[in-house]
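To start, the structure under review is shown below, and the notes come after it.
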Amino acid sequence: AKCQCKLPQRERTNCGYPGISAAECKKIGCCFNASMPGVPWCYTPKPKKVKKVCPNDPYARINCGYPGITARTCQRKGCCFRSHPAGVPWCFYHRVTEE
């Protein structure tokens with residue numbers, strides 16, 4: 001993503017080799033910006049920001065527990081707990097989404 005390449009020049013970490021082309025740099029998953037001399041032109045992007053969310057759709061839940069699991073035990077396992085509706089897992093895994 002473009003926002004991952006918006007880095008202050010002093011924070012750029014070299015990602016390629018001297019003389020690497022923009023196409024080759026991007027092919028290996030790096031950012032390319034040749035507008036400033038004296039700093040890496042091919043550099044490592046910022047890591048993606050992700051967050052864990054409990055899915056809202058009860059039918060998208062992936063079971064993380066067992067019948068009769070308590071909310072406390074479920075949350076100790078690092079999972080989501082919602083005791084409704086019937087017929088779907090009440091203890092279920094988070095989904096990871098990009099911010």
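The values are calculated or read from the model by the stated rules, or taken from the named source; none is laboratory data. Predicted model only: the values in this text are computed from it and were never measured. Neighbour counts are summed over all protein chains in view; Cβ atoms, including those assigned to glycine, are modelled from backbone coordinates with ideal geometry. The protein model used for the area step is the full one, side chains on, heavy atoms only, and it has no ligands, DNA or RNA in it. Shrake-Rupley method; radii C 1.70, N 1.55, O 1.52, S 1.80 Å.
Scanning region 48-99 for residues that are open to solvent by less than 40 Å² (accessible area, probe 1.4 Å) and within 30 Å of K6 (Cα to Cα) yields a total of 0.
Which residues, counting only those in region 47-87, are in a strand (DSSP E or B) and either aromatic (F, W, Y) or in contact (Cβ under 8 Å) with a residue 60 or more places away in the chain (or both)? Answer for region 47-87, where residues must be in a strand (DSSP E or B) and either aromatic (F, W, Y) or in contact (Cβ under 8 Å) with a residue 60 or more places away in the chain (or both): just F81. With respect to (1) at positive phi; (2) open to solvent by 80 Å² or more (accessible area, probe 1.4 Å); (3) not hydroxyl-bearing (S, T, Y), the lone exception for K27 is condition (1). Just checking, which of A23, A71 is assigned by the TED database to the domain that holds E11 and modelled with pLDDT of 95 or more? Just one listed residue meets the conditions, A23. All told, G29 falls short of being modelled with pLDDT under 90 and either in contact with a His (Cβ under 6 Å, 6 or more places away or on another chain) or in a loop (DSSP other than H, G, I, E, B) (or both).
Consider Y43 carefully, then state whether it is open to solvent by less than 40 Å² (accessible area, probe 1.4 Å), modelled with pLDDT of 90 or more, of a type outside the set (A, V, I, L, M) and out of contact with any helix residue (DSSP H, G or I) (no Cβ under 7 Å at 6 or more places or on another chain).
Working: open to solvent by less than 40 Å² (accessible area, probe 1.4 Å): yes; modelled with pLDDT of 90 or more: yes; of a type outside the set (A, V, I, L, M): yes; out of contact with any helix residue (DSSP H, G or I) (no Cβ under 7 Å at 6 or more places or on another chain): yes.
Yes.
For region 3-17, enumerate the residues that are farther than 8 Å from Y43 by Cα and open to solvent by less than 80 Å² (accessible area, probe 1.4 Å).
Within region 3-17, the first condition is being farther than 8 Å from Y43 by Cα, and the residues that meet it are 3-11, 17.
Listed by number, the residues that qualify are Q4, C5, L7, P8, Q9.
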